[in-house]
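Notes follow the structure.
The values are calculated or read from the model by the stated rules, or taken from the named source; none is laboratory data. Note that this is a predicted model, so its numbers are computed, not measured. All Cβ positions, glycine included, derive from the backbone under ideal geometry; neighbour counts span all protein chains shown. Just so you know, the surface numbers come from the protein's heavy atoms only, side chains and all, with ligands and any DNA or RNA stripped out. Shrake-Rupley method; radii C 1.70, N 1.55, O 1.52, S 1.80 Å.
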Amino acid sequence: MITPMRIFVLIFNAHTDNEGIHTVRVGDRNKILMFESEDDALRFALMLEAQDFPTPTVEAIDSEEIKEFCESAGYDWEIVPENSDLIIPPELNVEETDWEAEAANNDSDYPEQVPPAAETEFSESELDSIRRKLEGLL
């Protein structure tokens with residue numbers, strides 16, 4: 001398979017000191033999804049936003065640059081071919097991202113903005129119902 005030169009990835013806090021790239025955890029490893037299609041990356045970003053993630057920015061980046069980054073950071077990577085089956089974000093997400101932890105260390109005067117999971121307003125069954133309704137909209 002020939003790797004495309006230009007791919008699309010999801011970036012949180014783009015163009016800031018607290019920039020982070022979206023990864024999917026597989027076992028004990030992080031994997032960066034490299035989308036061939038900007039539209040597919042935008043759809044995935046919208047699904048993340050529906051899961052209460054901060055809004056990611058879709059960035060076009062040279063695939064070799066991402067591969068080098070993955071090698072240096074110990075991350076895996078996967079190319080998501082254009083017009084492939086719809087990729088859905090995992091149901092379970094990490095409680096605190098690496099970039100949120102760094103921000104908390106740097107900005108300890110500010111309270112945490114994400115409520116702990118035990119203090120959510122909805123029960124699991126209500127969340128499942130809302131999730132099904134949102135998926136129905138897609």
(request) For the range 26-54, enumerate the residues that are closer than 22 Å to Glu65 by Cβ, under 12 Å from the mean Cα position of the chain (by Cα) and surrounded by fewer than 17 Cβ atoms within 10 Å (Cβ to Cβ). (result) Lys31, Leu42
(message) Against the condition part of a strand (DSSP E or B) and in contact with a Cys (Cβ under 9 Å, 6 or more places away or on another chain), how does Ile61 come out, does it pass?
(response) no
(message) Which count do you get for residues in the range 26-58 that are assigned to a strand (DSSP E or B) and in contact with an Asp or Glu (Cβ under 9 Å, 6 or more places away or on another chain)?
(response) 9
(message) I need the full set of residues from the range 1-25 which are open to solvent by less than 80 Å² (accessible area, probe 1.4 Å), under 12 Å from Pro56 (Cβ atoms) and assigned to a loop (DSSP other than H, G, I, E, B), in order please.
(response) Asn13, Ala14, His22, Thr23
(message) Tell me yes or no: at least one residue of the range 103-115 is at pLDDT below 85, open to solvent by less than 30 Å² (accessible area, probe 1.4 Å) and either not hydroxyl-bearing (Ser, Thr, Tyr) or not in a loop (DSSP other than H, G, I, E, B) (or both).
(response) yes
(message) Being at pLDDT 65 or above and closer than 15 Å to Ile7 by Cβ narrows it down to one residue among Leu127, Leu134, Leu42, Leu48; which is it?
(response) Leu42
